[in-house]
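A quick write-up on the structure given underneath.
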Amino acid sequence: MLAGAVAVVQLGILWLALPQNRPPGGGPLFPFLGYANGITLLRGVLECLLAGFLFAPAPLGWLAWVPALLYTFDRLVDFGDGYAARVTRTESKLGSTLDIEFDGLGVLIAVGLGIQYGKLPPWYLLLGLGRQLFVAGMWLRTRRGLPVYDLPPSEHRRMIAGFQTGFISVM
């Protein structure tokens, strides 16, 4: 059921972001989703499979490695979607949106499993909810008429995220 719920959330994100399937500078919609977005949607399938382990008994034997392998493969595939978009000249706001939302969902699921399996402390759930809390904060600020600013440029953000997802994969 959780895998299905994650799939519904992902399809909802895709549906809402479909009008953004156009070149970054504007222009007509691309005639198809593109290879890069297909790669991102493959990540979505991996995250659905990973969510299937939540709230289930911990797998035994070689199956105990499956959640870690699914999340690790998800993280490795994440390197390919942006590259594919640049090579095929199909970069889009849709791809960017799917990438960041699927990243946040994948981290949340993996952190949940790490906590469930006793590999991460319960307070680590705050990190897993980081993307969702950030979006909720932006929404609240907008609703209250307060300004919302872009994140300032950072040379370290991607490196920290890489270390963090690597750590979560190991846990």
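Annotations
- Counted residues, the range 129-157 - those being under 14 Å from the mean Cα position of the chain (by Cα) and loosely packed, with under 10 Cβ neighbours inside 10 Å: 0
- Residue identified as of a type in the set (G, A, S), touching a helix residue (DSSP H, G or I) at 6+ places or on another chain (Cβ under 6 Å) and open to solvent by less than 60 Å² (accessible area, probe 1.4 Å) among G106, G82: G106
- Close Cβ contacts (under 6 Å, 6 or more residues apart or on different chains) running from residues in the range 9-37 that are over 13 Å from K93 (Cα atoms) to residues that are in a loop (DSSP other than H, G, I, E, B) comprise Y35/T88.
- When L60, L11, L49, L42 are screened for being among the aliphatic types (A, V, I, L, M), open to solvent by 40 Å² or more (accessible area, probe 1.4 Å), more than 17 Å from the chain's Cα centre (by Cα) and within 26 Å of Q116 (Cβ to Cβ), only L60 passes.
- Members of the range 118-128 that are open to solvent by less than 50 Å² (accessible area, probe 1.4 Å) and part of a helix (DSSP H, G or I): Y124, G128
- Among the residues of the range 22-38, those identified as open to solvent by less than 90 Å² (accessible area, probe 1.4 Å) and farther than 20 Å from V77 by Cβ are R22, P23, G25, G26, G27, F30.
The values are calculated or read from the model by the stated rules, or taken from the named source; none is laboratory data. Just so it is clear, the model here is predicted, and its values are computed rather than measured. No Cβ is skipped: glycine too gets one built from the backbone with ideal geometry, and neighbour counts run over all protein chains shown. Heavy atoms of the whole protein, side chains included, go into the accessibility calculation; ligands, DNA and RNA do not. Shrake-Rupley method; radii C 1.70, N 1.55, O 1.52, S 1.80 Å.
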